[in-house]
Each structure stands twice: as C-alpha cells, then as structure tokens.
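Student: Please see the structure below; I have some questions.
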Number of protein chains: 4
Amino acid sequence: MDNAVYILGINGSPRSYGNTCRLLRIALEVAKREGAHTKLINLYDYDIKPCLGCLADIQEACRYPCVIDDDMKQLYDEILKADGLIIATPIYWFGVSGILKNFIDRLTALENMIFVEGRSWLEGKVLGVIAVGNDSGDIEALSHIVLALNFMGLIVPPWSLACTTERNPLSNENMVLEAANVGRCVVIMAKLVKNAGICWYSKDIKELSKIKNRVMTEAERDFQRVRDERLKIITKLLKDSYETLE
Amino acid sequence: MDNAVYILGINGSPRSYGNTCRLLRIALEVAKREGAHTKLINLYDYDIKPCLGCLADIQEACRYPCVIDDDMKQLYDEILKADGLIIATPIYWFGVSGILKNFIDRLTALENMIFVEGRSWLEGKVLGVIAVGNDSGDIEALSHIVLALNFMGLIVPPWSLACTTERNPLSNENMVLEAANVGRCVVIMAKLVKNAGICWYSKDIKELSKIKNRVMTEAERDFQRVRDERLKIITKLLKDSYETLE
Amino acid sequence: MDNAVYILGINGSPRSYGNTCRLLRIALEVAKREGAHTKLINLYDYDIKPCLGCLADIQEACRYPCVIDDDMKQLYDEILKADGLIIATPIYWFGVSGILKNFIDRLTALENMIFVEGRSWLEGKVLGVIAVGNDSGDIEALSHIVLALNFMGLIVPPWSLACTTERNPLSNENMVLEAANVGRCVVIMAKLVKNAGICWYSKDIKELSKIKNRVMTEAERDFQRVRDERLKIITKLLKDSYETLE
Amino acid sequence: MDNAVYILGINGSPRSYGNTCRLLRIALEVAKREGAHTKLINLYDYDIKPCLGCLADIQEACRYPCVIDDDMKQLYDEILKADGLIIATPIYWFGVSGILKNFIDRLTALENMIFVEGRSWLEGKVLGVIAVGNDSGDIEALSHIVLALNFMGLIVPPWSLACTTERNPLSNENMVLEAANVGRCVVIMAKLVKNAGICWYSKDIKELSKIKNRVMTEAERDFQRVRDERLKIITKLLKDSYETLE
C-alpha cells in the first residue's frame, strides 16, 4: 500500500440499503476524495460469536488471535491495516446493534495486547461514528462506541460523530454535510498522526513519583487550610441537627 | 505568549485538596514538563449561573459574550486562550457536579458561534478528562463531558480520559500513570494541531450532492436486491402468524 | 402454576461460575424464599441471532413469534410466563455483553405487539438488574438495560438494581445484601401488581384534548408575560454585541 | 391532607412557557383527574447552590437539613410530603439542565439518611420523567434522572418516562398521550404503594449467609466442571500463540 491512509467502514445495520449505511457510504466517499483508500464491511455478512470473557480468568489469555474461531479473524486483519475506522450503527434500544456489540467486545483481543506486549494494537487509529435511528437514543449509541474505542486507544477528531433520528436524513442537507465531515475529519487526523509517528501511552513519565509527592504535599497543605473550615461548618451542623432531633 | 501550548485545568470538585483535584494536578504538572503553560481553575471559586436557554427562542441570541453577567466572563477568556482543556469532576450521582454542568451548558455561547459566524470557537482545542468518585458512575460522568465537548469541536486523543472509584487512587501507581498520560497526550495532540493550522469543519465539500446521489442510487439497487428477499420472509411470517391466530 | 409469582433469572455472562451469576443466584434464592417460583437461564447456552430490524421496513412485521428461527422461541415463552425478570450482566466495555444485547434487541418482538394489538406483551412485568465487572462501566450497563426494558413496559422497583466493580463482591456483606434486596423487591412488586390487575398504558385519557388546549392557553399567557422580558434582554445583548464587534 | 396522593411536578427549564413545561403540565393535569393533589415548581425561581460533597469528608455529615442555607430548604419539605415526583428537563448537552443537576445532587441529603437512620427518606416514592429538546440526547437525560432517583429509592412505573426532540411535540397526538400516561401511571403506582405500606429495603434477609454459602459452593462445583474446560482451551491457545511468535 502506498502512502495514503486506509479507512475502514463498519456497517452494523442489517439493512445495507438503509439510512445508516447510506450515511456511512457518504463518509467513505468523501474520505476517498480526501485521498484515502477505503473499504466497507457489512457486519451482518460475518459470523461473529459472543466474547467468552477469557481475561476474567487469565488476563493474558485475551490476545490476538482470539480463541474463538470465526469470521473475526478476517476482520482483525482488516482493522490492523486500517489507519481509521468509521463505525455506523442503527439505534437498537438506545444502543448499538447486538452484532456490533459482539464486534466491539471482540476487539478486546487487540486492545488487551497492552497486557501481552505493553501496547494496544489499536493505539493511534482514528475513529468516526455514525448512528441512525427512527427513534431516540442516538447519543447513547454514539457514546457507547466512542468511550469504548477511545479507551482502546483511538483518537476522536472534531466533527467525527454524526447522528440523527430523522426519517429521511439524506433529504436534510445539513445531515449529509455532517456525514461528509465525518469522512473528512477522520482522514485529516489520520494523515496528521500517520506522519508524526507518535507513541502515545508512556509507562515512563519522567520524575512521576516526584510529581506525585509534590501534588500530595500541596494537597495536604490545602487540606489543612480548607478542611478545618469545612469541618467546622459540618460539625456545627451536625450539632444543631442533633439538637433539633432531641 | 510564546510558541508553547496553553493547557487549562478545570476542577469541578468543591474539595481542592481531594483526589479529583490531585489527579488533575498530576496531569497539569506532566503537561508542564511536556512544555505547556498551564493554569488550574477551581470552579467552586466562581459564580456560574444556570444557562437561560436563549437559543430555544432565538438561535443567534446565544453567543459570546453570554447574556448572563457573572464570572463565566473571565472563564470564557481563559478558555479562548487555551489550546487544551483538562476537566476534572467528582462523580455526583453518576454524572458531573452541578456546577460543572452549569459550566458546560454555558460553553454553548462559544460553540453556538457556528450560527453567528460559521465556526465553533472551541473547534480544534484538545480535551482531557478525569473523573473520580467513591462510588460507581465514572464512565457515565466521563461520557457526558466527552460527548458534549467533542460535539462542540474538541479533539479527544488516546489515553486522555482517566477515571477511578478507588478510595486512594494516588496510592495506585497505575492510576497515577493514567493521570500523567492524560497530561502527556493532551499536550502531544495540542502541539500537533497547533502547528498544522487545520480548519476542521467544512461547509464546502466538493461534489457532495453528486456523492449523495450516487450513494442513493447504489442503495436503491441494493434495496431491490436485498429487500425483495427480506419482504418475502417477512410477508410469509405475517401470513403464518395470522393463520396461527385464526 | 399456583398463585405464586414466577421470576426468571437471565444470566448474560459466559462464566456460570463467576460473580455475575453468583449474585444473580443470591437474588433468585431470596426471591424463592419470598414465595416466588424461579428459574435461571444462561444465555450462553442458547443460540440467539442478531435482530434483523424488520420494523424499519414494515412496523407490524416485528411481532411474536419473531421471523428468526432460533432459540429465542423457547426464551419468549419463558418470559411470557414470568411476572418478573432479573437480568445479570458482566460489564463488557461499559455495557452489557453482546449476547445480552442481542437478547434485548430480540425482545422487540414482544414489545412491538403495541403496533399489532395495542399493548406491549411485557407491560407490567417487574425488572431487577445486576451488573458486575472488574472495571468501570457498571452504571452504564445497568442504565442500558433499565431504560430499554422500562420503555418496553417493565416496572423498576426501589433497590432492584445492584452493581459492583469489586474483585470479590461476595466477600463484601453489603454487596450480598444488595443482591438479596434485588430478589426481595422484585417479588414484593410482582405480588403487588399481580393482584391489582392493572392496565397501565391508556389510549383513552378522558378530555385529553381539552387538557392540552388549556395547557397551551396557559403557556401562551406565560409566554407573553415572560418572553417579552427575555426578548428585551436578548435583543439588548445582541445590539450591544454588534456594537462591540463594530 | 386527605387520602389522595400528592404529586410534585419539578420543571428544570428556564422557559415556563416552553414545551418541557407544557408536557409536564399535561402530566400533572391528568394526575389531578386521576385523583391526585398536584403542585408545579419552577426550579429557576429558586436559588439552588451546588452540593459541597460533605459526605466525602464525613459520610454522616450529609443529612437533612443540608448544611447549605438556600431555597432547597423549602423544596426538601415539599418533596418529603410528595408521594410522587414528575421531573421535567430540557435537554442541555445530552443531559439535564445544570440547575436540575444541582437539585439532584442536593437530594443526597434525603437519600443519605440511610447512613444516619437506616433508611432513605425518598424510598417508595414514585418517579415520572419528561425530557424535551430540539436536539439529540433525550434518552441520556432521562437515563441520568432515572438511575440517580431509582438508586435513591424511587419506583419507576411503566410508561412513566416520556421524551422527544420534535420541534412541536404538542401537535403530535402520540406525544401528548405519552405525557398523559406519565401522569396516569405515576398516580396508579403511588396509590398502589401508599396503601400497601411497604418497607422495601431490608437489612435483615433471613438466612442470607446460608444462601450465600450455598451459592458459593454451587459456583465452585460449576467452576471445576466448566473452568477446566475453558482453561484447557485458553492454555492451548496461549501455547499455539507463543509458538506462532517464536
């Protein structure tokens, strides 16, 4: 692959012709015009089994490749090649579709490499998310994906989240523009970090214990000053309150 | 101010000596050593009135400076100067403290500049968040801040969110390291975007209506192919089901 | 079945020996001693396929029995017999396990009977939830289940939600007590409503359009009084603000 | 007060003429016709200061009456008299308004009576919630209120949550019906529990340690059976995986 960034679109809706997937396609098309290679994956075409939670028994047992022998194997490899993911979900009961939840749970095998070799294999990739439904819950659905994937090491650029509960979002120019900006902003960020070669998480922060000790000393000093004041108020209150009860 | 980035720490806890603020101080101290200027603001030292929701009456009425004459005036100016915000909150009922919610609601005056002059005044700033409590709800609290501020235009780098419900988080080396990485990653990202001079949101995506039309055509084609299949299944079911009821 | 209430325990964890299922068993055991019949179902023993979202194509196509021919058929029948559900989930990425999300999505076939025959088949059943993890996100997980199932028509009694992120929750007496109270409170409520024979949702609220009109008239009156005041402030601000910009 | 239930409406919107408050008024009006006494409180008419988090210093310091001397004093007394609360909020950044968050945080003084005298003073009251906005986030806002108040001891009946992001919800008959059912269902439940005189939380569950021990024994048995199997799979995988790396 050349120097271009590679953006993977993940469709969590069973309806490849529906609004969720349409907005995702707009984002991917714009990404392509911004210079990215793109690919669209319909999760419903894959057999994705539920996570077995191995790490609750042995932390290091959860690793790439996952114990479960199913279609995630192919998906892991696509994800590892990608510089960015744009995940689109229908809104099912104020959350992502069940198959997408299985997909997210199974990404743990890449994230948990932290415990195997010190670094999440998803660190520094870029995230875009699109959530579409006929009913409420779009922010909940976005929120779930964003928090989970940011905690796995992904970057969330500005305007990379789009959601709607309108019946015909493509007839709303503003909504189309939002989906387009998801594609645009994910690519801008992916290019920015690709060239910078950043190592984000550091286990080796200089003088961290010295910093911690200074912060604790300062906090203690504040504590003496502020807390005496607060305890006086609280204690007085407790006294008054007991007297009221008597 | 020189070329260094400026990171503003916002403490939403009433206890400046508590764990929320301690972890925030660690993040800021690390940010400083990464070359940033920093400043810590205790929200409880400011009078922040509740948002009046002006934009529900007149969209463009919500703008900088906000109608309400209180201490947010000073805070707006600090925020506008900052390249990054690290917001720390105690966990109050599975969410942010009320004063921090007022602060977030009042940031609308900067975000809503979208409707006044086409761009959020918060676009491209970098976000870190720390949530600390003695009880559950840390992810809910983080989630609220992250979604709101990303939708205002902020960037969320990897490892820039830290949370805990432990009694003594500073005695847990891992937790201290997480707070440190919040400071580190916010600064790395702030430097990266500061020099790049990016204009994130674009109202002017080339050939967007052409893209939209192509996507709709493709979706229609899929629709014919897939939906016939689906309708057949659904219709059969409905028929069977009516027969069952008879 | 006699007059006793029937409480169904749903275990969404793959580890039937783990803490999630242990706390669920405590809740069920207490329910039994409060006079309920109980049954425990391990979702991982069932094949539960992802929802196909039929209702996005045809609202009435989503109904009991669901189009998909899998093990949900048996589960639907157990649920229909139950007066209460106690759902237990491990915390996977700040949410429920993927299999449990599939289970929840598939409950739509019972809830959507609203559109088929005017009433959710889940209305008036009682809900308890237990969420257990080694990491943050317990409230998010609870929250997802509670909102979805309450919107399907279930009742949420006091103290019927329990969650923890402790390593050994069973060694914490308080936590054991919380799980026990989930069982207790679900049974108390189930008995209360079983005998009352309540029809909750009513399409036929007396004089509703009259009520609506009165409320609108009152609101208009308030609007004149309050909004003039608000517009004056906002308009003044806009004027000042334009002058500032000049 | 006679035998009728008393339902308190809490309006968290600054616009008493707006849609949030209109839907709340419909709910209260229906509640009245179901036989309840009702009262509407506009939070913006009250001075509600942010919670000081006293309980983080001394658990028992947080109690009724709260240390802070402001208008919550009056509100506490209204709440204590009420059998049910219907809380209405505008959607501010995917959550409740800041003043309503302050209100919720300050309810801790009633809930924390658990630590003072063994019982939440909010236990067994009934909750209804209405969330209205022009933008996404209604479920998030509902969710925040529901989780917090259910954990304080309130009951959530079916159809007692209503939300919308429509511009003119009152012109949608279905939405008006939903608001009406909030009023109806809160009253039905309030009557049901008022007469039943239930003590929900029990510290004294019979033979709880015996139950716990039995559950642990059973889990251990399962553990031997299932976990051996699982460990075998995981260990094999780890072995294969190491060999792959070599």
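The values are calculated or read from the model by the stated rules, or taken from the named source; none is laboratory data. Note that the structure is a prediction, hence the values are computed from the model and not measured. Methodologically, a virtual Cβ is constructed for each residue, glycine included, from the backbone with ideal geometry; neighbour enumeration extends over all protein chains shown.
Student: Somewhere in segment A:70-90, is a residue more than 24 Å from C:LEU147 (Cβ to Cβ), within 12 Å of chain C (Cβ to nearest Cβ) and more than 17 Å from the chain's Cα centre (by Cα)?
Tutor: The answer is yes, given that some residue of segment A:70-90 is more than 24 Å from C:LEU147 (Cβ to Cβ), within 12 Å of chain C (Cβ to nearest Cβ) and more than 17 Å from the chain's Cα centre (by Cα).
Student: Now for a separate question. Can you name the number of the only condition in (1) aliphatic (A, V, I, L, M); (2) in the same structural domain as B:PRO158 (by TED's automatic domain parsing); (3) closer than 25 Å to A:VAL30 by Cα; (4) touching a helix residue (DSSP H, G or I) at 6+ places or on another chain (Cβ under 6 Å) that B:ALA179 fails?
Tutor: Answer for B:ALA179: the failing condition is (3).
Student: Tally up the residues in segment C:13-35 that are assigned to a loop (DSSP other than H, G, I, E, B), touching a residue at least 60 places away in the same chain (Cβ under 8 Å) and closer than 22 Å to C:SER171 by Cα, please. Even if it seems obvious, please write down each step before you answer.
Tutor: Narrowing segment C:13-35 to residues assigned to a loop (DSSP other than H, G, I, E, B): C:13-18, C:34-35.
Adding the requirement that they be touching a residue at least 60 places away in the same chain (Cβ under 8 Å) leaves C:13-15, C:18, C:34-35.
Keeping just the survivors that are closer than 22 Å to C:SER171 by Cα gives C:13-15, C:18.
Number satisfying all stated conditions: 4.
Student: Looking at A:ARG119, A:ARG106, which is the one that is within 19 Å of C:TRP93 (Cα to Cα), surrounded by fewer than 19 Cβ atoms within 10 Å (Cβ to Cβ) and not small (Gly, Ala, Ser)?
Tutor: Working: A:ARG106 fails: surrounded by fewer than 19 Cβ atoms within 10 Å (Cβ to Cβ).
From the options A:ARG119, A:ARG106, the qualifying one is A:ARG119.
Student: Of the conditions (1) over 26 Å from the mean Cα position of the chain (by Cα); (2) crowded, with 17+ Cβ neighbours inside 10 Å; (3) assigned to a loop (DSSP other than H, G, I, E, B), A:LYS206 clears all except one; give me its number.
Tutor: (2)
Student: Sticking with this one: Test of understanding: among B:TYR44, B:TYR76, which residue is out of contact with any Ser or Thr (no Cβ under 9 Å at 6 or more places or on another chain), at negative phi and buried (at least 17 other Cβ atoms within 10 Å of the Cβ)? Let's see the steps before the verdict.
Tutor: Values: B:TYR44 fails: out of contact with any Ser or Thr (no Cβ under 9 Å at 6 or more places or on another chain).
Result of the check over B:TYR44, B:TYR76: B:TYR76.
Student: Separate question: Out of segment C:89-111, which residues are of a type in the set (Ser, Thr, Tyr) and closer than 19 Å to C:CYS163 by Cα?
Tutor: As a first pass, look at segment C:89-111 and keep what is of a type in the set (Ser, Thr, Tyr): C:89, C:92, C:97, C:108.
Hits for segment C:89-111 are C:THR89, C:TYR92, C:SER97.
Student: Can we say C:ALA180 is in contact (Cβ under 8 Å) with a residue 24 or more places away in the chain and facing chain D (nearest Cβ under 7 Å)?
Tutor: On the way: in contact (Cβ under 8 Å) with a residue 24 or more places away in the chain: yes; facing chain D (nearest Cβ under 7 Å): yes.
Yes: the conditions hold for C:ALA180.
Student: Just to check your reading of the model, which residue among D:ILE99, D:ILE86 is in the same structural domain as D:CYS185 (by TED's automatic domain parsing), touching a Leu at 6+ places or on another chain (Cβ under 8 Å) and closer than 20 Å to D:ASP70 by Cβ? Let's see the steps before the verdict.
Tutor: Details: D:ILE86 fails: closer than 20 Å to D:ASP70 by Cβ.
D:ILE99 is the lone residue from the list that is in the same structural domain as D:CYS185 (by TED's automatic domain parsing), touching a Leu at 6+ places or on another chain (Cβ under 8 Å) and closer than 20 Å to D:ASP70 by Cβ.
Student: Using the structure shown, decide if C:LYS212 is modelled with pLDDT of 95 or more, over 21 Å from B:CYS163 (Cβ atoms), part of a helix (DSSP H, G or I) and not assigned by TED's automatic domain parsing to the domain that holds C:ARG25.
Tutor: Values: modelled with pLDDT of 95 or more: yes; over 21 Å from B:CYS163 (Cβ atoms): yes; part of a helix (DSSP H, G or I): yes; not assigned by TED's automatic domain parsing to the domain that holds C:ARG25: yes.
It is true that C:LYS212 is modelled with pLDDT of 95 or more, over 21 Å from B:CYS163 (Cβ atoms), part of a helix (DSSP H, G or I) and not assigned by TED's automatic domain parsing to the domain that holds C:ARG25.
Student: If you check D:PRO169 against the conditions, is it more than 9 Å from chain C (Cβ to nearest Cβ), at pLDDT 95 or above and farther than 19 Å from C:ASN181 by Cβ? Before you say what the answer is, go through the steps one by one.
Tutor: On the way: more than 9 Å from chain C (Cβ to nearest Cβ): yes; at pLDDT 95 or above: yes; farther than 19 Å from C:ASN181 by Cβ: yes.
Criteria met by D:PRO169.
Student: Does segment D:14-43 hold any residues that are within 7 Å of another protein chain (Cβ to nearest Cβ) and not hydrophobic (A, V, I, L, M, F, W, C), and which are they?
Tutor: Once the filter is applied, which keeps residues that are within 7 Å of another protein chain (Cβ to nearest Cβ) and not hydrophobic (A, V, I, L, M, F, W, C), segment D:14-43 yields D:PRO14, D:ARG15, D:SER16, D:TYR17, D:GLY18, D:ARG22, D:ARG25, D:GLU29, D:ARG33.
A quick yes/no check of all residues on (1) at pLDDT 95 or above; (2) of a type in the set (Phe, Trp, Tyr); (3) in contact with a Lys or Arg (Cβ under 6 Å, 6 or more places away or on another chain):
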position	(1), (2), (3)
D:CYS163	yes, no, no
D:LEU177	yes, no, no
D:VAL186	yes, no, no
D:TYR201	yes, yes, no
D:LEU237	no, no, no
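Student: Name every residue in segment B:149-195 that is closer than 25 Å to B:ALA4 by Cα, assigned to a helix (DSSP H, G or I) and not aliphatic (A, V, I, L, M), in order of residue number. Give the steps one after another, and end with the answer.
Tutor: Here is the first cut: in segment B:149-195, the residues closer than 25 Å to B:ALA4 by Cα are B:149-150, B:152-162, B:176-195.
Those still in the list that are assigned to a helix (DSSP H, G or I) too: B:149-150, B:176-195.
Those that are closer than 25 Å to B:ALA4 by Cα, assigned to a helix (DSSP H, G or I) and not aliphatic (A, V, I, L, M): B:ASN150, B:GLU178, B:ASN181, B:GLY183, B:ARG184, B:CYS185, B:LYS191, B:LYS194, B:ASN195.
Student: I'd like to verify a number: residues in segment B:50-61 that are surrounded by 18 or more Cβ atoms within 10 Å (Cβ to Cβ) and touching a residue at least 40 places away in the same chain (Cβ under 8 Å), how many?
Tutor: Total satisfying the criteria: 3.
Student: Still on this structure, please answer the following. Filter segment C:145-164 for residues that are within 7 Å of another protein chain (Cβ to nearest Cβ) and more than 16 Å from D:CYS163 (Cα to Cα); which is surrounded by the fewest Cβ atoms within 10 Å (Cβ to Cβ)?
Tutor: Residue satisfying both the conditions and the ranking: C:TRP159.
Student: Is there a residue being in contact with a helix residue (DSSP H, G or I) (Cβ under 9 Å, 6 or more places away or on another chain), within 23 Å of A:LEU55 (Cβ to Cβ) and more than 7 Å from chain C (Cβ to nearest Cβ) anywhere in segment D:193-213?
Tutor: Within segment D:193-213, none of the residues are in contact with a helix residue (DSSP H, G or I) (Cβ under 9 Å, 6 or more places away or on another chain), within 23 Å of A:LEU55 (Cβ to Cβ) and more than 7 Å from chain C (Cβ to nearest Cβ).
Student: Continuing with the same structure: Which one of B:GLU123, B:GLU117 is more than 8 Å from every other protein chain (Cβ to nearest Cβ), on the phi < 0 side of the Ramachandran plot and out of contact with any His (no Cβ under 7 Å at 6 or more places or on another chain)?
Tutor: Numbers: B:GLU123 fails: more than 8 Å from every other protein chain (Cβ to nearest Cβ).
Criteria check complete, one pass: B:GLU117.
Student: Does at least one position in segment C:218-233 carry a residue that is of a type in the set (Val, Ile, Thr), more than 8 Å from every other protein chain (Cβ to nearest Cβ) and either in a helix (DSSP H, G or I) or under 30 Å from C:ASN19 (Cβ atoms) (or both)? Before the answer, list the steps.
Tutor: Taking segment C:218-233 first, the residues of a type in the set (Val, Ile, Thr) are C:226, C:233.
Subsequent filtering for residues that are more than 8 Å from every other protein chain (Cβ to nearest Cβ) retains none.
No, there is no match, as no residue in segment C:218-233 is of a type in the set (Val, Ile, Thr), more than 8 Å from every other protein chain (Cβ to nearest Cβ) and either in a helix (DSSP H, G or I) or under 30 Å from C:ASN19 (Cβ atoms) (or both).
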